[in-house]
Amino acid sequence: MSAFLKEKLASMPQHLQSLQSIQVGPYFRNIHLPQLPQNIQLPTTDLQGKARKLHSRNPKAVIVFLALVLLFFWKNIIYDVCTHFTRQYKPIEVVDKNPIKNETLGFQEIFVLSLPDRGDRRKPLLAAANATDLNITVLDAIRDRQIPVADYPEWWGTNNWVPKEGELGCLMSHLRTWRKMIHEDITSALILESDVDWDMRIKDSMVGLGEGVKAIADWPFEVPSHPRDFSKEVSPYGDRWDLVWLGHCGSNADGNGRIYAFNYASAPDEEHTWSFGGGPSPGHRPPGTRIVYQFQKSVCTTGYAISNQGARKLEKHFRQANSPIDLKMWDHCVNDPELACLGVWPQIISMAESRTNIKHTEGGLSFGHEITEERIVAGKGIQISARVNANTGTAGDPSKWKSEFKNRDKKGEKKEDEKKKEEKKEDEKKKEEKKDKDKDSQE
């Protein structure tokens, strides 16, 4: 301690006792501070006095200030108070991140082949896509007369086969699409005709198809390491398929015998399945399901998914095509061991009755009667038609969706069918009797 401080402390009065007992730390317990004079006035803070002074100010100013704050911020204040509790109990939104449920059904593109002058087909098609939140790209198809002879497939029209009008244009439209995929390196595409239809719940159906494709495409397994790590593969359907025929007029499941069945409400029952080209053998399909399989035949290119490697393989084959596109695809899928082709039954994509550009012997589009005008009707075997519900404006409200499968009285229906059969037999019997009479009279 300096001599100056010692001198000052010694000169201070000794009768101030209140500071002598202050201990400032464990190392200074024996140090006693000198006493201060009693007449020293220490400064104090008169909080109560200041509070009284504040309170004595004009209370109206405070009220006006608070009113202005409330006036400018009342919306925010009420919103914060009202939403404080609701935020705590707001349900968490569940987002389905399955890529198959995206706007292109898990493929890179959805292409629709349509003649440019067929707006009557494009309009219901685009409405159906919008109703089911699908993003489609319409590509202009071509007619036979637009194709130079030099661009014909090498074997076209040979082998005692005479093409029908429109078959060459159809084939070349698909072939051009495959070449587009190759040129632009498109990993996969769903290719549709312009007169197609599908169920409003197509995205859920496609999820089951994806599981089936992954289960079937690599059978038999090259190495016993299944299940493989699909997370490393580009497509949500796996990367070992070339063609998945999910829209057709008939398909046979007598392939390698491996079948994957998945259940979903959109699958039609036996009464409502449709085909003019045959179907799986009895027992292949469990009731109420769709099945995925390696097909032995499929007809009609209504809708099919194709991978980039599949497009490259088929494009090479089709340089020497000598038959309609569906028969040529069927032939190569069955006979080329390098092609992994799968089918689906019943169809997920189906065709609706429509005027056709290919002349069939049955008239119309092989439904047994000629169609002279375009109509918006459901596709064959489709329960809740996207075309129909988009046209009627009920697509946005599932409770108002129109179902094509009516619940009918089976007993009454059976009796009615039997009655019609009996009437038909009577008519045929009368016709035969009339023929016999006419024959006898001529003799």
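Among residues other than Gly212 whose Cβ falls under 11 Å from its Cβ, what is the net charge (Lys/Arg +1, Asp/Glu -1)?
On the way: positive: Lys214, Arg258, Arg290; negative: Glu211.
So the surrounding residues net to +2.
In plain terms, the chain from Thr392 to Glu154 could stretch by 81.0 nm, reckoned as 0.36 nm per residue minus the Cα-Cα distance. The packing ranking, built from the mean of other Cβ atoms within 10 Å per residue, places the peptides 303-310, 149-156 in the order 303-310, 149-156, highest first. Remark: the Gln320-Asn135 segment gains 63.3 nm on full extension, using 0.36 nm per residue and subtracting the alpha carbon distance. The label-point distance for His284 and Leu66, in a model that sets each label 7 Å from Cα toward Cβ, rounds to 8.3 nm. Here the spin labels are modelled as points 7 Å beyond Cα on the Cα-Cβ line, and at Arg143 and Arg375 they lie 2.6 nm apart. For the pair Glu271 and Asp218, label points projected 7 Å from Cα toward Cβ lie 4.2 nm apart. The string of couplings for segment 375-384 from the Karplus curve (6.51, -1.76, 1.60, θ = phi - 60°) is 10, 8, 10, 6, x, 5, x, 9, 7, 10 Hz, one whole number per residue in order, with x for Gly and Pro.
Mind ranking 177-190, 285-298 by how tightly packed they are, going by the mean number of other C-beta atoms within 10 angstrom, highest first?
Numbers: 177-190: 17.3, 285-298: 20.0.
Most protected by this proxy first, the peptides run 285-298, 177-190.
The numbers here are math on the coordinates, done by the rules we state, and not lab data. Because the structure is predicted, anything quoted here is derived from the model rather than measured. When we count neighbours, we look across all protein chains shown, and the Cβ atoms used for this are built from the backbone with ideal geometry, even at glycine.
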